[in-house]
Each structure stands twice: as C-alpha cells, then as structure tokens.
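Here's the structure, in structure tokens; my notes come after.
Read the figures in this text as sums done on the coordinates, not as results from a lab. It should be emphasised that the depicted structure is a prediction, and the values quoted were computed from it without experimental measurement. For neighbour counting, all protein chains shown are included, and Cβ atoms are generated from backbone atoms with ideal geometry for every residue, glycine included.
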C-alpha cells in the first residue's frame, strides 16, 4: 500500500520533538510520502478561530485550500486539536481508503475542540495516546477510538554508564513548587548540580530538532529525574483523567532513575513497569524530604542499576517503533 504523511511545518515549541519522532518512525516503516499541509492565511493571522475557541464557528465560512493526496493510507499526527486545520482543505481525503489521526492530547478541558475536530467522517481510524480517554472520546465524538500510548524514539535517549552521568538530579517540565525548593536546598548544601527547565514557552519562533536532542542529552546524563503526574501539578488540565505522557517513556528509555509520583492510572504498571520509579511524597515536611533525598543519593548506584536493568528488559515496549507497528495492525484489521 502507498502511504502519505500529512505534515505541518509551522508548529512551534519544544514539545513537538516527540511529535516529530513519531512522524519519523512512520516514514521509516512505511516509506510514506511527506505532504505538507498548507497553512491558511486567515487562520495564521487570527488564532482565535482555532478549534475550541470562541470564534471557531467562523471556520466553516473560510475559503477552502487545495491539497492533493494520492495514497491508500494517510497519516496525520496532532499534539492537540487546536493544531488541526485539515477542515480548511477541501476533499483531500476522498480517494484515501485508510485515514489515520493520532492525537497526543485528548484531555477534557479541550472537549469543544475535540468535538469540533473529530466528529465528522474525515478520519476512519482515530487514535488517542491516553487509554483512559477512549470511552470519553467515543461518547463526545460518536466515533470509534483506539488507544496507543506515547513512547520514546529508539536509541535517542541513551542508557549511559554511571560514570558518564554528570547530572545528579534533573527535572524537565512540570514541577511541584515546594519539592523543587527542597531539592534546590539539598543539592546546594551537598554541592551537587540540579538541572531543571526554565523555558516559559515564549521565546521559540519555530520547532528546532536540536531542542529535543538537547533535552535527550540531559535526560541521558542524569542519575535521577523528577517526574510528577499531570493531575498533581495541573489538576484543572487533567480533568478526571490521569494521563501517561511521553516524559515517562523518555526517562525510562534512558535508564535514568525516576523519582516522584506515578499517575493514578490503572494502565501505568502494565504499560511501563511497577518498579519504574522511587515514589516520593511531595507533601512531607522539608526535613523528612531531605532525609529521603540523602538516602536516595547514598544508594544512587543500586537505583541506577535497577533502572538500567528495567530499561534493557522493556525498551522494546517503550518505543515509537512498537507504536507504529501496532497502528499498522489496526489497518490490517480495519473493516473499511
């Protein structure tokens, strides 16, 4: 079968590293033709008409753009429904038998955008990265949905030996403020380096693949990496779901010891591993957390050994290679 990847070249932000990694794996496995989706001039200048926003209803009145897709299978990857603009391209899918959309973010606060983008028949294979979201997505869109979880690119996050891990503690993305301050104090008092992200989402003008490589280098060179679930750091965004985001897979793929708290998600231990992280209670008193961190640091070699063992035993289940293989099975099994 002939495959096509519908690619958006205007996406901005470090978060699109995982997005691009999935697209690269699709092209690698299917030899898909890359077709650039046009950006609508009106939408570019007026972001208030994106799906889910107050003026989103105006989209149906905009003149449609042209894009030709000659393929048996068309793939479209979206970080969130707000990025979706194929509704502004006329009839691109009429001659494409299998039309796959994979959406990273299908959380409840963006329900209106999800309904607006995925309630029609443009796609006939719908995939969310959040297993818990399937019943919810089927209810609000009236369509069949599958769950294929997020992942890490194969061999991108290196599992380095202990003597090359020059970053004692790392934390990238979501933080729990009081724990962050305690870890700052602990590392300062023990003359250890604590590496953490300070990006606020306002300086990047275009997605740069080097940003993802830079992040991967830091994760791979860390001994411990702090990870918190979305429902703890941003409960409003999580809604009633407990999402498993790509960061869990990325840190696990690097064989770095994860500290923090896992999502309260029934699928977490099966998708990843029940012994994947050392749980910490961020609500403990400062002196109790300091003692926990001292114990972690004293036993760092044994923690890293276990993390690397788990990585070597499970890496085949944690990569985008595995995810694309499973998506290809959906095509084989589809009754279309």
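Summary of values
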read-out: Fewest-first sequence of 280, 6, 184 by Cβ atoms within 10 Å of each Cβ; value: 184, 280, 6
read-out: Normalised contact order of segment 120-164, rounded percent, pairs of Cα under 8 Å and 6 or more residues apart; value: 36 percent
read-out: Segment 199-336 - percent relative contact order, Cα under 8 Å, separation 6 or more; value: 21 percent
read-out: Rounded to 10°, Cα long-axis angle of helix 320-333 versus longest principal axis of the chain; value: 40 degrees
read-out: Residue 143-residue 213 FRET efficiency (beta carbon distance; Förster radius 35 Å; 0.05 resolution); value: 0.45
read-out: Choice from 68, 132, 50 with maximal GNM fluctuation in the chain (Cα, 10 Å cutoff); value: 68
read-out: Contact order relative to length of the chain, as percent, for alpha carbon pairs under 8 angstrom and 6 or more apart; value: 17 percent
read-out: C-alpha long axis of helix 209-220 to longest principal axis of the chain, angle in °; value: 30 degrees
read-out: Cα gyration tensor, segment 286-336 - rounded (a/c under 1.5), prolate or oblate; value: prolate
read-out: Segment 58-150 shape via C-alpha gyration tensor axes, a/c threshold 1.5; value: oblate
read-out: Nitroxide proxy distance, nm - points 7 Å out along Cα→Cβ at residue 90 and residue 181; value: 5.9 nm
read-out: Residue with peak Gaussian network fluctuation, the chain [Cα springs, cutoff 10 Å], from 79, 65, 137; value: 65
read-out: Angle in degrees between helix 16-30 and the longest Cα principal axis of the chain, rounded to the nearest 10; value: 60 degrees
read-out: Cα gyration tensor shape for segment 162-317, rounded if a/c is under 1.5, else prolate or oblate; value: rounded
read-out: Computed [θ] at 222 nm, helices only, for the chain once each DSSP H run of length n ≥ 4 contributes -39500 (n - 2.57); value: -10500 deg cm²/dmol
